[in-house]
Amino acid sequence: MPHRTEDIEIGLLLEALYQRYHYDFRHYARASIKRRLLQARSHFNMSSVTALQERVLHDPEMLPRLLGFLTVQVSEMFRDPSYFRALREQVLPHLRTYPSLKVWIAGCSAGEELYSMAILFREEGLLDRTLFYATDINPEALKAAEAGIYPMDRLRKFTENHQKSGGKSSLSDYYTADYGRAVFDKSLRNNVVFSDHSLVTDAVFAEMQLISCRNVMIYFDRGLQDRAVGLFKDSLTRHGFLGVGSKESLRFSRHASAFSEFVPEEKIYRKREP
Ligand SMILES: C[S@@+](CC[C@H](N)C(=O)[O-])C[C@H]1O[C@@H](n2cnc3c(N)ncnc32)[C@H](O)[C@@H]1O
């Protein structure tokens, strides 16, 4: 039971956001939501969380700005290179046997993970037969993902990660440098559907062979994590693969028995026979 005024205000603001805009942060891990809301309160120079609530209820333009605080956008290309190496060496040989593929990047942020996956699939000769779904709840992030443009100073790290992941080409083959920015090749997103989709409030997506949802469920409470894993289970084809973040796990999930550990050290799971 919350008893500090601030905790009550935070609960009310999250309820208001849900009722007014259908964004549901009510069951995100509360400590980090609180930290980020308090940052937003000082950033917008508000005297209280209730003042912030009043503003966002009456001014829809505040919503994307507040979402910028409530969702964490940290990402990089080929983040955790060993994960992408495991996909390349252990998962793709199975995917290669399908004539067409569907891959869902859930919580794609500004597209770093999507472009990494597209490059990996191109290097392995699977890009042309793959349809990618890249989803997120943050509209600004989805717009950035669709543009595929990153500041040049991030490319050094991306390039290093790509090499460590077993990259077979040079990352610079996939972008052109333009006034301090790297503009990624449009052909990488020929077969990508970008879509607003929430793991909290929306339904099953489609019949996927691979779902990669990394560093998203870490912000959810246990009940929400279960909901998301249930969605993944129902969105995967028979023997489909699910990859989660290095600090995430299905171990305590209600749906754990529906999956086997495929590459345990990289948190890659495979759906079992029903
Ligand atoms: C830390 S980023 C992870 C980006 C990328 N997957 C990675 O691992 O680098 C978390 C992303 O999850 C998104 N997100 C948060 N809640 C979500 C939800 N309910 N459904 C879908 N995406 C969500 C955020 O907007 C953010 O873009």
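FYI, it's all coordinate maths here, none of it is from the lab. These numbers were taken from a predicted model, which means no experiment stands behind them. Note: ideal-geometry Cβ built from the backbone for every residue, glycine included; neighbour counts use all protein chains shown.
Side notes on the structure shown:
- All positions within region 84-111 that are surrounded by fewer than 24 Cβ atoms within 10 Å (Cβ to Cβ) and within 15 Å of His162 (Cα to Cα): Arg85, Ala86, Arg88, Glu89
- Total residues in region 215-255, condition in contact (Cβ under 8 Å) with a residue 24 or more places away in the chain, among the aliphatic types (A, V, I, L, M) and more than 11 Å from the ligand (Cβ to nearest atom): 3
- Residue match in region 68-81 (condition: over 17 Å from the mean Cα position of the chain (by Cα), loosely packed, with under 14 Cβ neighbours inside 10 Å and not in a helix (DSSP H, G or I)): no
- Residue within region 162-171 that is buried (at least 16 other Cβ atoms within 10 Å of the Cβ), over 22 Å from Ala256 (Cβ atoms) and within 18 Å of the chain's Cα centre (by Cα) present: no
- Which listed residue, of Ala118, Ala206, is surrounded by 20 or more Cβ atoms within 10 Å (Cβ to Cβ), of a type in the set (A, V, I, L, M, F, W, C) and closer than 27 Å to Pro99 by Cα: Ala118
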